[in-house]
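Following: one structure in structure tokens, then a few remarks.
The values are calculated or read from the model by the stated rules, or taken from the named source; none is laboratory data. Note that the structure is predicted; figures quoted are calculated from it, not measured. Cβ placement follows ideal geometry from the backbone for every residue including glycine, while neighbour counts extend to all protein chains displayed.
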């Protein structure tokens, strides 16, 4: 009996703490390593197959002047911040059907949080992104 | 003995079938279905067309990255920083990327799309490339990224034969990455899984 009650408490505790403990604040050091996955197509400071990431936060989707976006991205009514990036990076073609970023996404929430934490710093870095 | 394979063999036939079903033939079939008052049928044909568009889009993004890789290796090989035997590796890997690009472009055409062309000018972080190891490290980063890019494309293809062909390219990029790391004196295969 006692044992079962203890188990129940444990299970309950696990359930209650799940949302809070499932994800730690993003770690930019891990995020930088995760950005290696993006480097077939992106750089911070210049356009490649994908647009540059300098100045990403607060910018409209499809907002790098001169980059040839897909109509889907160019017409998307989205401003990039931690929330919109989290949704996009989880499933780019799901959030934005028709995007040219043919990439399945990052399923792990913690990895996304880490990557976004790094992107927030790096995309505003005065060295990588001189004004 | 190394036998040269054609990872896109399965496409030679399927591509043609999907192409016929996906473009001109689709439109007329859809039109016929509409005229016959069967919009569900017409919509079904439309989604086949969407599948083709999706696959062509993914292939074209991959082709764009391959064309950049070809230019990157040309820059590396022409930098004067690479010594033999590393220089030979760079030229060989560039040749593989040329083969990838050729087969991607051919497949895109077969599916009824228009392949992207190489840009006249590519930007590379040349300021940071002063030694052989800088160039190798830069190339390793591109190859590592290419593995992730194909890995991210595989589950998105509507045509399974395209997913398998992309995985075949992925294997080649992963070997490039390992060899470049080896040449840099790093652990060539640092993890059991790629992401």
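Total residues in the range A:50-89 satisfying the condition of being in contact with a helix residue (DSSP H, G or I) (Cβ under 7 Å, 6 or more places away or on another chain) and part of a loop (DSSP other than H, G, I, E, B): the figure is 6.
Against the condition without any contact (Cβ under 8 Å) to a residue 40 or more places away in the chain, farther than 14 Å from residue B:66 by Cα and outside any loop (DSSP other than H, G, I, E, B), how does residue B:185 come out, does it pass? Taking the combined requirement at face value, the residue does not satisfy it. For the range B:79-89, the count of residues that are within 24 Å of residue A:38 (Cβ to Cβ) and either within 11 Å of chain A (Cβ to nearest Cβ) or at pLDDT 95 or above (or both) is zero.
Here is the figure for the range B:80-109: residues that are more than 15 Å from the chain's Cα centre (by Cα) and part of a helix (DSSP H, G or I) total 7.
Scanning the range A:93-109 for residues that are crowded, with 16+ Cβ neighbours inside 10 Å and over 10 Å from the mean Cα position of the chain (by Cα) yields A:93, A:95, A:96, A:99, A:100, A:101, A:102, A:103, A:104.
Could you tell me which of the residues A:124, A:107 is within 14 Å of chain B (Cβ to nearest Cβ), assigned to a loop (DSSP other than H, G, I, E, B) and under 18 Å from residue A:26 (Cβ atoms)?
Within the list A:124, A:107, the selection yields A:107.
Only residues that are within 12 Å of chain A (Cβ to nearest Cβ), surrounded by fewer than 16 Cβ atoms within 10 Å (Cβ to Cβ) and in contact (Cβ under 8 Å) with a residue 40 or more places away in the chain were counted across the range B:122-165, and they come to 1. Scanning the range A:24-43 for residues that are in a loop (DSSP other than H, G, I, E, B) and more than 7 Å from every other protein chain (Cβ to nearest Cβ) yields A:24, A:25, A:26, A:27, A:42, A:43. When residue A:46 is tested against (1) at the interface with chain B (Cβ under 10 Å from one of its Cβ atoms); (2) assigned to a loop (DSSP other than H, G, I, E, B); (3) surrounded by 19 or more Cβ atoms within 10 Å (Cβ to Cβ), exactly one condition is not met: (3).
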